[in-house]
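S.K.: Submitted below is the structure of interest, expressed as structure tokens.
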Amino acid sequence: MCRVCTAVPVTGEPHVTIGADRGFTFDHVFDLPTPQATVYADCVHNLVEGIFDGFNATVLAYGQTGSGKTYSMGTGFETATVDEEVGIIPRALAHVFNGIDRRREEAKLEGRVEPVFDVSVQFIELYNEEIIDLLTEDRGASKGLRIHEDHKGEIYLQGATAAPVKNAHEIFYPLTPMWKKYAFIHVRWRNDFPLMNFKLLAKLK
């Protein structure tokens, strides 16, 4: 299967120019009433499906404070969220596990050996260039955390706790202490929050 990895912008494509020297090409513009499900379907769904074919993908939100990054990505865990407002990360995790179940069921129906999938999560905080493992109570354990690049050019985090999970529910509920710690840090350090960065890392094998 061939996929486009790089592309040269074509004259006439939608773009916006900022100032005299900065121009950006874009694929979609979503209006305020656009449902979260539509944003996910248009921007993320095919990327997650590609994971099962061995492709890497990155989804990020960029913008000024208050522009809606947390809402769009679905990382505001401090309050309950109705289904219609669930953001990209929870939808992507549910998509992954639904994809696992579907592929196992298809293999069973076709008489093939069921594929084996292992999913684990890590939750870290980046603060003033320090990496902190939020899945352990041992603060000293974070001192050995390092970001490395392997011989294939892939970036990985060495030393952080990896918790195995079997479904999306296990990520958001049995690991509740993780989210409580997140909420505590968010409140306690809210004045410094722009300097902090939280990463939920989900690994599929």
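S.K.: Please rank ILE147, ILE171, ILE155, ILE132, fewest neighbouring Cβ atoms within 10 Å first, as an exposure proxy.
M.R.: Working: ILE147 13, ILE171 23, ILE155 8, ILE132 20.
Ranking ILE147, ILE171, ILE155, ILE132 by Cβ neighbours within 10 Å, fewest first, gives ILE155, ILE147, ILE132, ILE171.
S.K.: Could you go through the range 56-67 in sequence order and give the Karplus-derived ³J(HN,Hα) for each residue, using 6.51 cos²θ - 1.76 cosθ + 1.60 with θ = phi - 60°, rounded to whole Hz, and x for Gly and Pro?
M.R.: Per-residue couplings from phi come out as 8, 8, 10, 10, 9, 10, 10, x, 6, 4, x, 7 Hz.
S.K.: If you place +1 on the Cβ of every Lys and Arg and -1 on the Cβ of every Asp and Glu, how big does the dipole about the Cα centre of the range 31-115 come out, in debye to the nearest 20?
M.R.: Details: 7 positive and 13 negative charges, 49 e Å.
Around 240 debye, computed over the range 31-115.
S.K.: Follow-up. When a footprinting reagent is the concern and you count Cβ atoms within 10 Å, what order do TYR40, TYR62 take, fewest first? Before the final figure, lay out the partial values.
M.R.: On the way: TYR40 21, TYR62 6.
Sorted ascending by nearby Cβ count, the order is TYR62, TYR40.
S.K.: Of the listed peptides 94-103, 18-27, what is their order by residue-averaged count of other C-beta atoms within 10 Å, with the highest listed first?
M.R.: Those peptides, ordered most packed to least, come out 94-103, 18-27.
S.K.: For each of GLU130, GLU49, count neighbouring Cβ atoms within 10 Å of the residue's Cβ, then give the residues from fewest to most.
M.R.: Final ranking by Cβ density, sparse to dense: GLU130, GLU49.
Readers should treat all values here as calculations from the given coordinates under stated rules, not as data from a laboratory. None of the values given here were measured: they were computed from a predicted structure. Cβ coordinates were reconstructed from backbone atoms using ideal geometry, including for glycine residues, and neighbour counts include every protein chain displayed.
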